[in-house]
Structure formats: structure tokens, C-alpha cells
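Below: one structure, written as C-alpha cells.
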Amino acid sequence: MVQSVLGSLTLGYRPLWNGARRMAGVQLFVAGDDNVQVDALHLLRTIEELWDASSPPLLLAPRTPQILAEWLEHAPPGSPSIEVSDAWLVDPDLLTRARAAQRRGLKLVWHGPLARLPEPEVAALFHTSVLTLEVQDAVAALRAGKAQAARGAGASASPIIAGQIYEGVDSRALMRHCLDGAGALALAGWPADDVLYSLRHQSLAPAHEVVLKLLKAIDDEQSIDAQEQVLGEDPLLAYRFMTYTNSAALGLRTGVDSVRRGLVMMGYGSIQRWLGDQLPGASTEPDLRPVRESAVLRARLAEQLIEAGVGKELRAEMYLCALFSRLDALMGEPLGAILRRLPLSERVYEAAVLHTGPYAPSLDMAVALEGEDAALVRRLCEEHGHEREQVNRSLLHVLRAWEVPRGPHGA
């Protein structure tokens with residue numbers, strides 16, 4: 001049964017970001033329990049049933065050799081790309097299976113250090129690679145990037161190979177060299193902390209594209225639900241909106257504790273004027289897009305993870321809690337102080353700041369799924385009573401619904 005398969009796996013994810021600072025795909029980590037045989041083909045069938053043409057391309061990253069071996073042996077052509085760890089290719093059986101899988105038409109992706117690339121015969125089996133940058137690689141790449149900026153292209157050889165995916169990129173300068181200067185296909189993960197640190201001297205503003213999108217939604221007389229969804233695509237815009245609706249200047253008699261209530265109470269004309277005031281100072285910084293979209297992914301996942309049967313208002317509150325959970329990094333202030341400025345439910349403060357209360361299990365799990373720490377996910381399932389089958393199903397539904405632009409940078 002599909003349920004038993006999803007219940008015996010531990011999933012996690014990491015977005016792949018391309019040169020346009022858009023999601024090009026998702027690396028889906030797949031771990032099995034120790035000494036438990038998993039029917040991994042059922043996961044492929046589940047994904048095939050869920051995914052559609054607008055869903056993000058997947059890079060399946062098995063974290064146990066048994067799952068990899070089964071996919072290499074039996075996965076049909078047309079399956080998502082499958083990552084193969086270099087450390088496991090010392091097993092002659094896995095290498096033989098990889099050769100057979102490549103002949104069968106599977107797209108295989110080599111995963112290993114840039115400093116230790118495979119021999120040409122092995123490299124020929126792979127569509128592309130996920131290359132880990134070690135310290136010496138990062139230093140050499142940064143030097144090459146500085147030399148190119150100073151003296152033009154070709155001034156210094158970069159270790160970055162075009163058309164590959166890179167992980168371990170922790171600085172904004174290195175990210176820009178990989179994506180903009182050296183032709184990397186994508187980055188696995190995003191150097192969010194360094195991007196925000198490099199912008200620390202300026203007050204960050206909502207994204208210009210989201211402000212325009214909301215103005216268009218209002219002009220098109222879209223539903224309150226649709227407008228609420230657009231406002232929820234930018235944590236800074238949602239926060240500013242709620243700050244404005246609760247300001248003394250607006251003079252509302254009761255506190256506005258949700259985006260939806262603010263939209264209803266303000267009316268279209270007032271919202272349009274407010275958005276018009278936001279446009280001149282709105283941000284067009286592309287390096288912030290992955291930061292913003294990661295916050296939205298976290299919020300959508302937390303909203304899905306909250307217990308079944310919870311009403312629409314509480315789900316919206318859970319979404320806002322997760323969306324605001326990194327406002328401290330965006331605004332350079334303590335999160336508690338930021339949240340206390342709004343008449344939000346105490347449940348939001350407890351989960352985002354204290355990691356307690358009824359929303360904490362969903363928020364903590366949404367954060368844990370943003371990586372490959374299967375042990376942490378299992379522990380949170382045990383501590384909070386999450387069923388792994390439901391956690392995995394929630395993750396897959398959120399990922400499949402994320403629309404990605406199609407083009408040459410697809411994963």
C-alpha cells in the first residue's frame with residue numbers, strides 16, 4: 001500500500017535555485033529506516049500520480065543504498081532524475097546497476113566533491129552533477145571571480161564547471177560567481193544568511209513584483225481568498241500590511257489579527273492607495289527572491305502539517321506564524337519584539353519565539369524538513385505524535401503545487 005510506503009520513509013527537501021533566482025527544481029532526500037526493506041518503487045508511483053506539468057522537476061536523493069539500488073534496477077524511463085553518491089560507487093554491484101540504468105534511459109546525477117571528480121568512463125553515465133565545494137574550491141572560485149570583475153572574462157581560471165549543480169555555497173559573492181560568472185546550472189540551497197548580512201545597512205522592503213501582483217489582483221476584482229494568497233507571498237509585505245491596518249492613522253476600533261480581516265475592513269480603494277505608496281520603495285533585488293520564496297514554502301508546509309479538522313482561520317494563523325518566523329533575519333531585530341507590535345494570537349508568539357504551544361509541532365517540523373536530517377524528523381514525529389505518512393504526504397503535496405517557470409535552467 002502507498003500509505004505503508006510513505007510511512008516507512010523519511011523525506012526532506014532542498015530547493016535548486018537557478019541564475020534567474022527562480023526555483024529550477026527540488027532535491028528530495030529519501031531515507032529509509034535501518035534494516036527495513038522499503039518498496040521504493042511505490043514512492044515513484046506516488047510522485048507520478050501527484051505531479052503535473054507545472055510542478056517542479058525533482059532530483060531524488062536516496063540516503064540509503066538499498067533505495068538507490070532498487071531505483072537503479074527497476075525505475076522506468078521518464079522517472080525523475082536520481083542522485084548517485086560517489087561514495088557508494090565503490091560497490092561494483094551499484095556501479096553495474098548504474099550502467100544498466102543509464103542504458104535504460106534514466107537520468108542519473110553524480111554527487112560528490114568537486115575536488116574528486118569521477119574518471120571519464122564513470123562520468124559518462126551521468127546527466128549532470130551535484131558538486132560539493134570544499135574550502136579550497138571556494139577560495140579559488142572567489143579569487144577567479146574577483147579577477148574576472150577586475151580584468152574581464154578569462155582573466156583567471158575558475159574551478160567552477162558550467163552546467164553543474166553546486167552545494168556548500170555559503171557566500172553571496174561565491175553564489176554570484178557560480179551562477180552569473182561561471183555558468184552553474186543551479187545551487188542546492190541558498191546563502192540566505194550572507195545575502196541578508198550583505199544588505200544589513202539598508203531597510204529591506206517588500207518585493208516590487210508581489211506589490212504589482214496584488215494591485216493586479218485588485219484591479220481584476222479577484223476574490224478575497226486570491227488577494228490573501230498574494231499578500232502571503234511576501235513576509236515583509238504581509239507584515240507591513242498588518243502594521244498599517246493596526247496603525248492609529250487608520251483608526252479602526254478593533255485590532256486586526258489576520259491578513260484576511262485587514263483586507264475586508266480596509267476595502268479595495270484604501271488598499272490600492274496603500275500599495276501605491278509601497279511601490280516607489282519596493283525591492284527589485286533578485287538575490288532576495290529565494291529568501292522570500294523559502295519563507296512561503298515553509299508557511300505552506302506548516303499550514304498543511306497542522307492537525308486535521310482545524311478551521312480555516314486557524315490554518316491562516318499557522319501560515320502567518322511560519323511566514324513571519326524569519327522576520328528577525330529580514331528586519332535585523334529580535335523576533336519577539338517584531339511580533340509584539342501586532343495584535344496576533346499568543347499562539348503565534350509561543351511557536352515562533354518560544355517553540356511552545358499548539359503551533360510549535362507544525363512549525364518545528366516544517367523547519368526540520370528543509371534539509372536531510374532524517375534523525376531530527378523522526379524524533380519530532382515521536383515527540384509530537386506526527387504520523388510520518390501524513391508528514392510525507394503533506395510535503396509532497398506542497399512541493400507538487402509549487403509552480404516553476406520552464407526554460408533552459410530546469411533541473
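The values are calculated or read from the model by the stated rules, or taken from the named source; none is laboratory data. None of these values were measured; they are calculated from a predicted model. Neighbour counts run over all protein chains shown; Cβ positions are idealised from the backbone, glycine included. Just so you know, the surface numbers come from the protein's heavy atoms only, side chains and all, with ligands and any DNA or RNA stripped out. Shrake-Rupley method; radii C 1.70, N 1.55, O 1.52, S 1.80 Å.
The residue that is surrounded by the most Cβ atoms within 10 Å (Cβ to Cβ), counting only those in the stretch 325-350 that are in a helix (DSSP H, G or I) and small (G, A, S), is S325. Say whether the condition of being in contact with a Cys (Cβ under 9 Å, 6 or more places away or on another chain), at pLDDT 95 or above and closer than 21 Å to E228 by Cα is met by at least one residue in the stretch 363-373. Among the residues of the stretch 363-373, at least one is in contact with a Cys (Cβ under 9 Å, 6 or more places away or on another chain), at pLDDT 95 or above and closer than 21 Å to E228 by Cα, which makes the answer yes.
Check the stretch 351-364 and report whether any residue there is among the small types (G, A, S), assigned to a loop (DSSP other than H, G, I, E, B), within 22 Å of L58 (Cβ to Cβ) and out of contact with any Ser or Thr (no Cβ under 7 Å at 6 or more places or on another chain). Even if it seems obvious, please write down each step before you answer.
Of all residues in the stretch 351-364, those among the small types (G, A, S) come to 351-352, 357, 360, 362.
Subsequent filtering for residues that are assigned to a loop (DSSP other than H, G, I, E, B) retains 357.
Subsequent filtering for residues that are within 22 Å of L58 (Cβ to Cβ) retains none.
Within the stretch 351-364 (the criterion being among the small types (G, A, S), assigned to a loop (DSSP other than H, G, I, E, B), within 22 Å of L58 (Cβ to Cβ) and out of contact with any Ser or Thr (no Cβ under 7 Å at 6 or more places or on another chain)), the answer is no, since none of the residues qualifies.
Every residue, every condition in (1) within 25 Å of M318 (Cα to Cα); (2) open to solvent by 20 Å² or more (accessible area, probe 1.4 Å); (3) of a type outside the set (A, V, I, L, M, F, W, C); (4) within 24 Å of the chain's Cα centre (by Cα), yes or no:
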residue: L185; (1), (2), (3), (4): no, yes, no, yes
residue: L214; (1), (2), (3), (4): yes, no, no, yes
residue: L231; (1), (2), (3), (4): yes, no, no, yes
residue: T245; (1), (2), (3), (4): yes, no, yes, no
residue: V256; (1), (2), (3), (4): yes, no, no, no
residue: V259; (1), (2), (3), (4): yes, no, no, yes
residue: G267; (1), (2), (3), (4): yes, yes, yes, no
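A count restricted to the stretch 160-190 and to residues that are of a type outside the set (A, V, I, L, M, F, W, C), outside any loop (DSSP other than H, G, I, E, B) and closer than 22 Å to L297 by Cβ stands at 3.
With the checklist (1) closer than 18 Å to E403 by Cβ; (2) surrounded by fewer than 16 Cβ atoms within 10 Å (Cβ to Cβ); (3) acidic (D, E) in hand, flag the one item D277 doesn't pass. Unmet for D277, out of (1) closer than 18 Å to E403 by Cβ; (2) surrounded by fewer than 16 Cβ atoms within 10 Å (Cβ to Cβ); (3) acidic (D, E): (1). Of the candidates R388, R379, the single residue that is open to solvent by 30 Å² or more (accessible area, probe 1.4 Å), touching a Ser or Thr at 6+ places or on another chain (Cβ under 7 Å) and among the basic types (K, R) is R388. Return the only residue of A138, A150, A100 being in a helix (DSSP H, G or I) and crowded, with 16+ Cβ neighbours inside 10 Å. Result: A138 is the single residue among A138, A150, A100 that is in a helix (DSSP H, G or I) and crowded, with 16+ Cβ neighbours inside 10 Å. Out of E317, E389, E372, report the one residue that is within 21 Å of the chain's Cα centre (by Cα) and assigned to a loop (DSSP other than H, G, I, E, B). After applying the criteria, what remains is E372.
Restricted to the stretch 12-90, the set of strands (runs of 3 or more DSSP E) holding at least 1 residues that are open to solvent by 20 Å² or more (accessible area, probe 1.4 Å) comprises 81-85.
Of all the listed residues (A411, A322), the sole one being at pLDDT below 95, more than 23 Å from R200 (Cβ to Cβ) and either among the basic types (K, R) or buried (at least 20 other Cβ atoms within 10 Å of the Cβ) (or both) is A411. Only residues that are assigned to a helix (DSSP H, G or I) and touching a helix residue (DSSP H, G or I) at 6+ places or on another chain (Cβ under 8 Å) were counted in the stretch 277-299, giving 13.
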